[in-house]
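Read the structure below first, then the notes.
The values are calculated or read from the model by the stated rules, or taken from the named source; none is laboratory data. Note that this is a predicted model, so its numbers are computed, not measured. Here Cβ is always computed from backbone atoms with ideal geometry, including for glycine, and neighbour counts include all displayed protein chains. For the accessible areas, the whole protein counts, side chains as well, though only heavy atoms, and no ligand, DNA or RNA atoms are used. Shrake-Rupley method; radii C 1.70, N 1.55, O 1.52, S 1.80 Å.
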Amino acid sequence: MQTKTFTLRAPTDEDAGALAALQSIDDERSQDSWVTAAHDILHEWRAAGFDRTEMVRVAEESDSIVGAFTISPPKLGFGRSRGFVHPDHRGKGIGSALIGWAVDAARTLGIRELFTHSNEHDAFGLIEQAGFTYQRTFLRMMNRNPAAAPVPEWPDGVRLVPLHGDELIDAVVKALDGSFIDHWNFRPTDRNEIAHDLEDSGEDPALWFVAFGGDQIAGCNICHLKTRDGVTRGHIGPLGTTRAFRGIGLGRALLRHGVQELAARGAKEVGLGVDSENPNSAVGLYERNGFERTTELRVFSRTF
């Protein structure tokens, strides 16, 4: 019988740097354009309803954090989660212990359905053994030459409107709900979550693009700029168009505009994530505009 060499505990503020470093390993392995810093971890923990003593566990071995699992604050009985174990510390039962904790925590939190994901093939069986069922595959895609993005061609009567503060938050909520209502696993957008995202010191509201057709919200593209290891990367999304403004080239214009703006701010690569079964054929749109598939991310869920 293998001797247990690790312990699970709730994190403290002092762990944020180690957790960001661990997440960065996951980001690099999955070729994710998102870059996690210590302030991102702390900002997440300060969201309304987030209690890290109940929603986060770190695995510690020899005074080093080698694994972690996080459950986001549940909404209407639905919960999202993520976990990762350092590649050098696998095969010791850490992943099983973390996902076992997550199942127990979800029950305590009153979650009726918990979602989690992974791009690591050796984790799929572990997740399923914990009672999760495969649901969907998402793709990570990357544009490695954003400076070459074509100039956007805007549909007649559609324009970008610069917004700030509450106006920006309300418009983004309406744009997201209108854009994703027909998508798999749709949940209404939480306004408080959008407001919290905008408060992040790493966010630039000038990169939150909202399109209008007349006085109607037509779509949005929420862009982010991140730096890791001296390389500046852009991240696109969420990006979507509302029902009344589909099929007219608005999604393409929003995409190209976002890529151009990120490149102008120094992004050498621009990435995004997309449902492989996107009902609006978004995968093809991205491929026609310089993005290539890099990683498949499988989503699983467990009901209680």
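For the reader, a short list of remarks on this structure follows.
- Solvent-accessible surface of protein heavy atoms, probed at 1.4 angstrom with all chains present, puts Thr12, Thr232 in the order Thr12, Thr232, largest first.
- Applying both filters, DSSP loop and at most 14 other Cβ atoms within 10 Å, to the trypsin sites (Lys or Arg not before Pro) of segment 116-225 gives Arg144.
- Net charge dipole size for the chain [Lys, Arg +1 and Asp, Glu -1 on Cβ; Debye, nearest 20]: 720 debye
- Label point of Glu153 set 7 angstrom out along Cα-Cβ; within segment 253-273, amide nitrogens under 20 Å from it belong to 253-261.
- For the chain, lysine pairs with C-alpha atoms less than 29 angstrom apart, excluding pairs fewer than eight positions apart on the same chain, total 5.
- Gyration tensor verdict on segment 1-123 (Cα atoms; rounded if a/c is under 1.5, prolate if a/b is larger than b/c, oblate otherwise): rounded
- In this structure the chain gives 47 Å² per residue of accessible area when probed at 1.4 Å with all protein chains present.
- Tensor-based shape of segment 145-304 (alpha-carbon gyration tensor, a/c under 1.5 rounded, otherwise prolate or oblate): rounded
- Computed over protein heavy atoms with a 1.4 Å probe, the carbon and sulfur contribution to the accessible area of the chain reaches 48%.
- Helix runs (DSSP H) in the chain reaching 18 Å along axis by Cα, Kyte-Doolittle at least 0.0: 94-109, 165-180, 250-264
- For the chain, the longest site-free run once GluC sites (Glu not before Pro) in DSSP loop states with at most 13 other Cβ atoms within 10 Å are removed: 1-152
- Cα→Cβ-extended label distance, 7 Å offset, between Thr303 and Thr227, nm: 4.8 nm
- Furthest towards positive pole of dipole, Ala253, Ser276, Ser96, structure part the chain, Cβ charges: Ser276
- Backbone N atoms of segment 121-160 closer than 17 Å to the 7 Å Cα→Cβ label point of Arg90 belong to residues 121-130.
- Orientation-averaged projected area, Cα convex hull of the chain (nm²): 15.5 nm²
- DSSP-defined beta bridges in segment 207-304 - what % are antiparallel, rounded to 5: 80 percent
- Stretching Phe124 away from Glu28 to a fully extended chain increases their span by 32.7 nm, per 0.36 nm per residue minus the current alpha-carbon distance.
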